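Working notes for the structure below.
The values are calculated or read from the model by the stated rules, or taken from the named source; none is laboratory data. The shown structure was predicted, so the numbers you read here are calculated from the model rather than taken from an experiment. We place every Cβ from the backbone using ideal geometry, glycine too, and count neighbours over all the protein chains shown. Surface areas here come from the heavy atoms of the whole protein model, side chains and all, with no ligands, DNA or RNA. Shrake-Rupley method; radii C 1.70, N 1.55, O 1.52, S 1.80 Å.
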Amino acid sequence: MQYPKPFTDRMQRMLGEEEFSIFLEALQQAPPVSVRINKAKAAPAPGLQPVPWTETGFYLPERPLFTLDPALHAGAYYVQEASSMFVEQALRQAVNLSEPLHVLDLCGAPGGKSTHLASLLSPQSLLVSNEVIRSRASILAENIAKWGSGNVLVTSNDPRDFSRLNDFFDVMVVDAPCSGEGMFRKDAHAMEEWSEENVNLCAQRQQRILMDVWDALKPGGVLIYSTCTWNEQENEQNIAWLAEQEGAESIKLQLQPEWGVVPAQLEGVEGYRFYPHRVQGEGFFIAVVRKAGEEQPLHGKSKKKKYKLSIAGKKEQALVGDWLQQPGQYTFVQHGEKISAIPENLFEAADEVYQHLYVVYAGTELAEIYGKKLKPLQGLALSQYLDRSVFTTAELDLEQALRYLKKEDTCLGTSGNDWLLLEYKGLPLGWAKQIGNRINNYYPKEWRIRMELPAELPSGSFVIG
């Protein structure tokens, strides 16, 4: 594979002749396959090799056809590159996760870091996961719904819009758009698009993004910055520039030697580099800084009385009130024809986000009103807090599950007139409506599997036990 000469010249200078040769050899090898388990829904298959810097990441011995595993569609795990899971170390070492926090994942799509953050934060914390491109925001909302945490708002806003939420966030994660050098062995298109000019443009855009959102981070708050590239312009130089502009304090992380992560320093700023010949993962950079100023008190209830969010009517609340575990801990809101559940302690913070940003998905979408009846929604089926005892369930075999996920009609040999919660290996997949002997498939059409099923289906999941 022929890499751009300015890239190889720089990497050779950074690594030295001997290590550079090993680095090039690693770029020719197949990338490892890794996943992160949703502990609220499943356990990993026995014998999987753990990703060393996270409690829920595992390597797979080979890459299965993930599309044909219903557990993926049920949100039991997420396919994520191992190096990017290091955000867990940054968060655990820099933040008290037992506190209720307001957290922003600024560049959230397709959802790897956001679902990871959702698993690490306490249920009393609010995660705002943002994606500026609307089509990608829809994919992000799908993956958030599948994960089922219930304390996440998905927004679709430009970074500059977050300045309206002054001193709102305790933590920000900015996985900045970059030149993508660390993805060269996974994505040939990334190498085709690479140029020194593009590196410069990315570095400038990253600085603009950081300044656009900086005011929304409260004094004493933590910013976690990452890219999937290796050049200093987009990494250490940007963080050193931020420290100089805003007085941000670099936070040093503790590393284990066996991890293979390479620390880097520039002008007093600490950064951490991931090279494919040193770690079992792709190229990555991460740095953590703290905003100058004293930490503010924990977020309390405000005195304002005027809300943008509308509380659902008493009749609707009575119908959905026992659909989630611990029903008394939610505020039921109505947005258009949809009823959602937002944790009661997060209602005012969620409303503040609604007042300033465009929200795509919020909390747990429970039901849609049609006429005098309610139709349960996909977010409810996939919620970690769904009370399954309230609903009639039906267990599907693999072929039935995949045909349901393709949004095909299926026959269960049952009869009645009720909503059915369809499951695979005890994992809820979604809703169907039984009308006599007929089953109407209510799986979201935009989520459906589009590939044709092979004649011989896989025997089981590589991922979950």
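Worth pointing out:
- Residues whose amide H falls under 5 Å from that of Ser129, counting only those 5 or more places apart or on a different chain, are Asp105, Leu153, Val154, Thr155, with hydrogens built in the peptide plane.
- With a simple spin-label model that places each label point 7 Å from the Cα along the Cα-to-Cβ direction, the separation between Lys445 and Asn166 comes to 4.7 nm.
- In nm, spacing of pseudo-spin labels at Glu18 and Gln204 (7 Å Cα→C-beta vector): 4.1 nm
- Taking all protein chains as shown and a probe of 1.4 angstrom, Asp105 keeps an accessible surface of around 0 Å².
- Helix axis angle, 5-15 relative to the chain longest principal axis, alpha carbon, degrees: 80 degrees
- Listed residues Gln256, Ile139, Met172: farthest to the positive end of the dipole of the chain (Cβ charges): Ile139
- Over the chain, relative contact order from alpha-carbon pairs under 8 Å, at least 6 apart, %: 16 percent
- Its relative contact order, with pairs defined as Cα atoms under 8 Å and 6+ residues apart, puts segment 359-465 at 22 percent.
- Based on Cα contacts under 8 Å between residues 6+ apart, segment 393-447 shows a relative contact order of 36 percent.
- Per residue, segment 234-295 exposes 44 Å² of accessible surface when a 1.4 Å probe is rolled over the protein heavy atoms with every protein chain present.
- Segment 343-376: chymotrypsin sites (Phe, Trp or Tyr not before Pro) in DSSP coil with no more than 12 other Cβ atoms inside 10 Å: none
- Phe169 contributes about 0 Å² of solvent-accessible surface, heavy atoms of the protein only, 1.4 Å probe.
- The heavy atoms of Asp158 offer some 40 square angstrom of accessible surface to a 1.4 angstrom probe.
- Against the chain, whose longest principal axis is taken from its Cα atoms, helix 17-27 shows a tilt of about 20°.
- Largest-first ordering by accessible area, 1.4 Å probe, given options Met451, Met1: Met1, Met451
- Sulfur and carbon atoms: percent of accessible area, segment 393-447 [1.4 Å]: 45 percent
- Taking GluC sites (Glu not before Pro) across segment 1-85, the ones in a DSSP loop with at most 11 further Cβ atoms lying within 10 angstrom of their Cβ are Glu62.
- Label positions at Lys186 and Ser98, each projected 7 Å from the Cα along the C-beta direction, are separated by 3.5 nm.
- Residues Tyr385, Tyr275, ordered by accessible area of protein heavy atoms at a 1.4 angstrom probe radius and largest first, appear as Tyr385, Tyr275.
- Checking every one of the GluC sites (Glu not before Pro) in segment 367-465 against DSSP loop status and a limit of 13 other Cβ atoms within 10 Å picks out Glu452, Glu456.
- Of the residues Gly112, Gln317, Val288, the one whose Cα sits farthest towards the positive end of the charge dipole of the chain is Gln317 (charges of +1 on Lys and Arg Cβ, -1 on Asp and Glu Cβ, taken about the Cα centre).
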